[in-house]
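Notes follow the structure.
The values are calculated or read from the model by the stated rules, or taken from the named source; none is laboratory data. All values reported here derive from a predicted model rather than from experimental measurement. Neighbour counts are summed over all protein chains in view; Cβ atoms, including those assigned to glycine, are modelled from backbone coordinates with ideal geometry.
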Amino acid sequence: MERHLVSPQLANFANILYTKILWPVEEYQKELLTDNSYIFAPNHTNNLDGYMIWSLLAKDFDIDTFMYREFWDNFPFIAKFLPLFNVFPITRDKVVLKEILDELKKLQNYDHSLIIFPQGRHVDPEVMDYFKDYHLKTIPLGAFYMAMKSSKKLVPIYMEPQKLGKKNIVIYGRPISPCEFLDPALTKTKKERLIMFAEAWLNEMNHLYAMAKKLKGQGLHKYKLEDNYTDASGLDYGMLDDPNRIMLFKDVIALINESGETSDFVDICELGKKLGVPDDVIKEIVKIKDVYEKRLIKHD
């Protein structure tokens with residue numbers, strides 16, 4: 001079948017520029033990718049993720065990339081050129097059928113793939129690990145909906161926050177088949193199946209994150225908190241508005257978790273007081289908890 005790469009020359013040039021010169025990449029477990037096409041589902045830590053993962057995959061796959069619709073609104077001059085590079089807009093936090101119908105038609109092709117960031121915004125990798133249960137409730141379900149509708153396997157991909165000129169780790173996870181969640185024997189609603197799919201992705205992502213931490217001689221790059229937080233919409237916010245700021249209190253959270261009374265961030269404030277955590281720290285955690293809940297969608 002005819003391929004729809006931007007061009008082999010451009011894809012190879014981008015691969016050399018981004019992953020050999022600017023952000024040297026060490027890839028692991030790429031041998032797991034034995035099919036012609038997938039839905040690739042990486043974690044999302046900064047605005048460079050899309051360039052890196054596209055440059056790694058575009059030379060081998062006929063592939064489109066979804067980018068947050070806010071970019072089209074905030075940077076219209078640049079955005080109008082993005083379809084030339086197979087980049088298309090998608091609304092975060094909910095499925096908008098008219099945005100994905102064309103892509104679903106393309107995904108009916110045996111050799112067509114898609115890159116989509118399930119988290120929909122920048123998330124510190126440690127948030128996935130420390131707040132797994134809570135984070136699961138805040139992950140938009142569009143990537144898993146598209147995998148189910150297209151019957152494409154979904155590939156979890158762990159990426160470090162990119163650092164110019166330093167080695168960056170990319171680990172490909174076990175491709176997850178949507179058939180696991182379409183079994184008629186599963187007495188679950190459509191949303192429950194999608195959440196199960198999201199949980200399987202998150203479990204694999206945490207496994208990949210643990211692998212990255214154990215790789216010999218590879219120190220993980222830490223998520224850097226800036227005075228102003230830029231989210232995936234391209235808008236700047238104060239540091240307080242960055243939900244990843246909760247990691248500043250991970251030692252307190254670890255203490256609370258070690259108490260055995262909670263594994264999530266819902267009861268942290270009450271338990272913190274029982275354990276003698278200073279009031280000013282509790283107040284800061286309450287602020288961040290409120291921001292985290294406000295900025296991310298929940299599937300209640």
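Would you call Phe144 under 27 Å from His112 (Cβ atoms), over 15 Å from the mean Cα position of the chain (by Cα) and either in the same structural domain as Asn15 (by TED's automatic domain parsing) or modelled with pLDDT under 90 (or both)? No; evaluated as a whole, the condition is false for this residue.
Just the residues that are small (Gly, Ala, Ser) and either in contact with a strand residue (DSSP E or B) (Cβ under 7 Å, 6 or more places away or on another chain) or not in a loop (DSSP other than H, G, I, E, B) (or both), please, taken from the stretch 185-230. Within the stretch 185-230, Ala198, Ala200, Ala210, Ala212 qualify. The one condition from (1) at pLDDT below 80; (2) part of a loop (DSSP other than H, G, I, E, B) that Val286 does not meet is (2). Which is at pLDDT 85 or above and in a strand (DSSP E or B), of Ser113, Ser55, Ser37? Of Ser113, Ser55, Ser37, the one residue that is at pLDDT 85 or above and in a strand (DSSP E or B) is Ser113. Scoring Pro125 on the criteria (1) over 30 Å from Lys213 (Cα atoms); (2) in contact (Cβ under 8 Å) with a residue 60 or more places away in the chain; (3) not β-branched (Val, Ile, Thr) leaves a single failure, condition (1).
Here Asp62 clears all of (1) closer than 21 Å to Lys222 by Cα; (2) charged (D, E, K, R); (3) touching a His at 6+ places or on another chain (Cβ under 9 Å) except the condition numbered (1).
Listed here are the residues, each with its yes/no results for (1) touching a residue at least 40 places away in the same chain (Cβ under 8 Å); (2) surrounded by fewer than 18 Cβ atoms within 10 Å (Cβ to Cβ); (3) farther than 30 Å from His135 by Cα.
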| position | (1), (2), (3) |
| --- | --- |
| Lys20 | no, yes, yes |
| Lys30 | yes, yes, no |
| Thr45 | yes, no, no |
| Gly50 | yes, no, no |
| Ile53 | yes, no, no |
| Phe61 | yes, no, yes |
| Phe71 | yes, no, no |
| Phe75 | yes, yes, no |
| Phe81 | no, yes, yes |
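Every listed requirement among (1) closer than 25 Å to Leu22 by Cα; (2) assigned to a helix (DSSP H, G or I); (3) modelled with pLDDT under 85 is met by Lys166 save one, (2). Across the stretch 148-184, the number of residues qualifying as under 15 Å from the mean Cα position of the chain (by Cα) and small (Gly, Ala, Ser) comes to 1. Filtering the stretch 136-165 to residues that are basic (Lys, Arg) and touching a Phe, Trp or Tyr at 6+ places or on another chain (Cβ under 8 Å) leaves Lys152, Lys153, Lys163. Among the residues of the stretch 14-33, is any touching a Lys or Arg at 6+ places or on another chain (Cβ under 9 Å), of a type in the set (D, E, K, R) and modelled with pLDDT under 80? Taking every residue of the stretch 14-33 in turn, none turns out to be touching a Lys or Arg at 6+ places or on another chain (Cβ under 9 Å), of a type in the set (D, E, K, R) and modelled with pLDDT under 80.
Quick one: in the stretch 70-100, of everything that is of a type in the set (Lys, Arg) and more than 19 Å from Pro42 (Cβ to Cβ), which residue is nearest to the chain's Cα centre (by Cα)? Once the filter is applied, the top-ranked residue is Lys94.
Exactly one residue out of Leu248, Leu208, Leu220, Leu225 is surrounded by 13 or more Cβ atoms within 10 Å (Cβ to Cβ), over 27 Å from Val286 (Cα atoms) and not assigned by TED's automatic domain parsing to the domain that holds Tyr51, and it is Leu220.
Within the stretch 232-280, the residues that satisfy the criterion of being of a type in the set (Lys, Arg) and either modelled with pLDDT under 75 or farther than 30 Å from Asp73 by Cα (or both) are Lys250, Lys273, Lys274.
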